[in-house]
Amino acid sequence: MTMTTKFNLAAHVLSQADHLADKIALDVVGSNEAPLTFSDLKTAVLGTATGLRDLGLSPGDRVLLRLGNTPDFPLAYLGALAAGFVPAPTSAALTEPEVSNIIKELNPAVILRASNVACPQDKRIVQSDALQSMRTCTPSDWHMGDPDRPGYIIYTSGTSGVARAVVHAHRAILARQMMFDGWYGLRQQDRVLHAGAFNWTYTLGTGLMDPWTIGATALIPAPNTPAPDLLNLVAEHKATIFAAAPGVYRQALRGPIPALPNLRHGLSAGEKLPEVTRQSWQDATHTPVFEAFGMSEISTFISGNPTEPALPGTLGRPQPGRRVTLISDTKPADTTTTGVIAVHKSDPGLFLEYLDQPEETGRRFDGDWFMTGDVGQADEDGNITYLGRSDDMMNAGGFRVSPIEVERVLNEFDGITGSIVVELPIKSAASIIAAFYTSASPVDEHALNDYLHINLARYKCPRQLTRIETLPTGANGKLLRRQLRDTWKGPN
């Protein structure tokens, strides 16, 4: 994508700040922190930009964020962008050795660090108290430039086996506006409560950047808020939209369900929301949940929304403005056949590159199409059903089987709280479909087997059923099928 007008991502996010100067932009609910108005937000961001410039940084320099679950995180992120630097937000859960590897790869000019977040000693570290003092610096001017220049760097979750540094352009924020109607149903009068931490990219985008771009209020729970308390905060602070990962929905339903007259709907992303959880949420709150599908290289791009909910069992449709197809055997597939979900290179939200990995970047493209590695099936109306990662797909007697399909059926069996399905080798040239599940108490596996054979073709039915304590998931809640497949040694 090419734009001729000079652009700055942070300036775009705060374009409503002057018009809505006295409106609350951020409220850390359940804490003693004073809310920030849009005027406060813009002043703090541009002051931070000045403070970072005063450290001697030049446009294009990288800024590593090792910050905790506080407003420091988004203020530093936007402040760096405002000054033309390239922030790299990272999870506070990373260990010191993991951060050491990131530092070697990024070679950041500055490392913004909170004392309680793991980070090796480094002369480039700026502690959070110094960062906070920058907010009162004389406001900087916006650094305007080529919309296609590097804007920020995020790390993939590593589900492919290796976490990669993904470089996005400033213009990526424009693609997020396709989510406003295509997923959120977002309006300026909304009050969006996102249950994630400040330093999670899902929260950063859906919970903060997008509400601020349209002029809505962002509500973030205080650190360590128990999930069962979240709905009380939704009620107390009159949230109109609730956003969370699938696991949080399940946990939130364990608490008392207050009256929620202001809540319109929920948003879910990061992993498939189990149908039993969706139904429990709808029964308890009388509101729907809209899911979105995406990845680090493009954020979300397929979803249901309040105007066009996803058909049961599907991801929904590509958001308005997206160019998405299915590719099979290197050619675009017919709309009713299976293929790898692909996004056209013209999408403004598509990443620029994997940092310093031109060959790996090129390998992910088939001509003009970015190959996501996720397999889907589209019907004639464009509704896409997710079948799993291409490397998660299983082979049963020559048939390709999606783990997602089998998990969906398993999760509807009474008593099962979650499942993960993989193909396991049993001999040098043979393998089986194996299912692992969690439940509050043992289930009748004979009844479960009967249920599976009623609801699945015989070749799709797991040959092995194993109850485990917890499902392996990554820091973002995604099921780690490959990890289980590669490490399972059988029961003790």
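The values are calculated or read from the model by the stated rules, or taken from the named source; none is laboratory data. Just so it is clear, the model here is predicted, and its values are computed rather than measured. When we count neighbours, we look across all protein chains shown, and the Cβ atoms used for this are built from the backbone with ideal geometry, even at glycine. Ligands, DNA and RNA are excluded from the accessible area calculation, which covers all protein heavy atoms including side chains. Shrake-Rupley method; radii C 1.70, N 1.55, O 1.52, S 1.80 Å.
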Labelled set [x] 26.0; [y] 32.3; [z] 23.9; mean projected area of the Cα convex hull in nm² computed from this model equals the value at [z]
Cross-link reach from Lys238 to aspartates and glutamates, straight Cα distance under 15 Å and at least 8 residues apart if same chain, gives Asp27, Asp190, Asp229
With Glu445 itself left out, Lys, Arg at +1 and Asp, Glu at -1 over residues whose Cβ is under 15 Å from its Cβ give -1
Once all protein chains are kept in place, Ile420 shows an accessible area at probe 1.4 Å, nearest 10 Å², of 0
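Which is the longest part of the chain that has none of the GluC sites (Glu not before Pro) sitting in a DSSP loop with at most 10 other Cβ atoms within 10 Å? List each step's numbers first, then the result.
Details: sites that count: Glu380, Glu469.
It runs 1-379.
Calculate, for Asp368 and Met393, the FRET efficiency according to 1/(1 + (r/R0)^6) with r their C-beta to C-beta distance and R0 22 Å; round to the nearest 0.05. Each step should come with its number before you reach the end.
On the way: r = 25 Å, r/R0 = 1.13.
That gives a FRET efficiency of 0.35.
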Note to self: with every protein chain in place and a 1.4 Å probe, the chain gives an accessible area per residue in Å² of 43
Over the chain, the sum of -39500 (n - 2.57) across DSSP H runs of at least four, divided by residue number and rounded to 500 deg cm²/dmol, gives at 222 nm -6500 deg cm²/dmol
The lysines whose Cα lies under 20 Å from the Cα of Lys460, excluding any fewer than 8 residues away in the same chain, are Lys272, Lys427
Between Asp366 and residues 5 or more places away or on another chain, the pairs with built amide H atoms under 5 Å apart involve Met371
Cross-link reach from Lys123 to lysines, straight Cα distance under 30 Å and at least 8 residues apart if same chain, gives Lys42, Lys104
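Remind me, relative contact order of region 175-304 in percent, using alpha carbon pairs under 8 angstrom and six or more residues apart? Mind showing how you got there, number by number?
Values: 231 pairs, mean separation 29.1, N = 130.
Dividing the mean separation by the residue count of region 175-304 yields 22 percent.
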In order over region 175-185: 3J(HN,Hα) from phi, Karplus 6.51/-1.76/1.60, θ = phi - 60°, whole Hz, x for each Gly or Pro, gives 5, 5, 5, 5, 7, 4, 9, x, 9, 6, x
Along region 304-316, Karplus-curve 3J(HN,Hα) (6.51, -1.76, 1.60; θ = phi - 60°) to the nearest Hz, with x for Gly and Pro, reads x, 8, x, 7, 10, x, 5, 5, x, x, 10, 7, x
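Calculate what fraction, in whole %, of the accessible area of region 339-440 sits on carbon and sulfur atoms when a 1.4 Å probe is rolled over the protein chains.
Working: 1990 of 4120 Å².
In region 339-440, the share of accessible area belonging to carbon and sulfur is 48 percent.
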Counting only DSSP beta bridges with both partners in the chain, the antiparallel fraction in percent, to the nearest 5, comes to 60
With a ≥ b ≥ c from the Cα gyration tensor eigenvalues, square-rooted, and the rule rounded for a/c under 1.5, otherwise prolate when a/b > b/c and oblate otherwise, region 199-273 is oblate
For region 1-112, shape from the Cα gyration tensor axes a ≥ b ≥ c, cut at a/c of 1.5 then a/b versus b/c, turns out oblate
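Round to the nearest 0.05 the FRET efficiency obtained for Asp444 and Thr487 when R0 = 30 Å and r is the Cβ-Cβ distance. Walk me through the numbers on the way to the answer.
Numbers: r = 28 Å, r/R0 = 0.93.
After rounding, the FRET efficiency stands at 0.60.
For region 59-200, just say rounded, prolate or oblate: build the C-alpha gyration tensor, square-root its eigenvalues into a ≥ b ≥ c, call rounded for a/c under 1.5, and beyond that prolate if a/b exceeds b/c, oblate if not.
Numbers: a/c = 1.42, a/b = 1.26, b/c = 1.13.
Here region 59-200 falls in the rounded category.
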In degrees, nearest 10, the alpha-carbon axis of helix 445-455 is tilted away from the dominant principal axis of the alpha carbons of the chain by 80
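Give the residue list of trypsin sites (Lys or Arg not before Pro) in region 243-277 that are DSSP loop and have at most 13 other beta-carbon atoms within 10 angstrom. Write out the running numbers ahead of the final one.
Working: sites: Arg250, Arg254, Arg264, Lys272; in loops: Arg254, Arg264, Lys272.
Of the trypsin sites (Lys or Arg not before Pro), the ones in loops of region 243-277 whose Cβ has at most 13 other Cβ atoms within 10 Å are Arg254.
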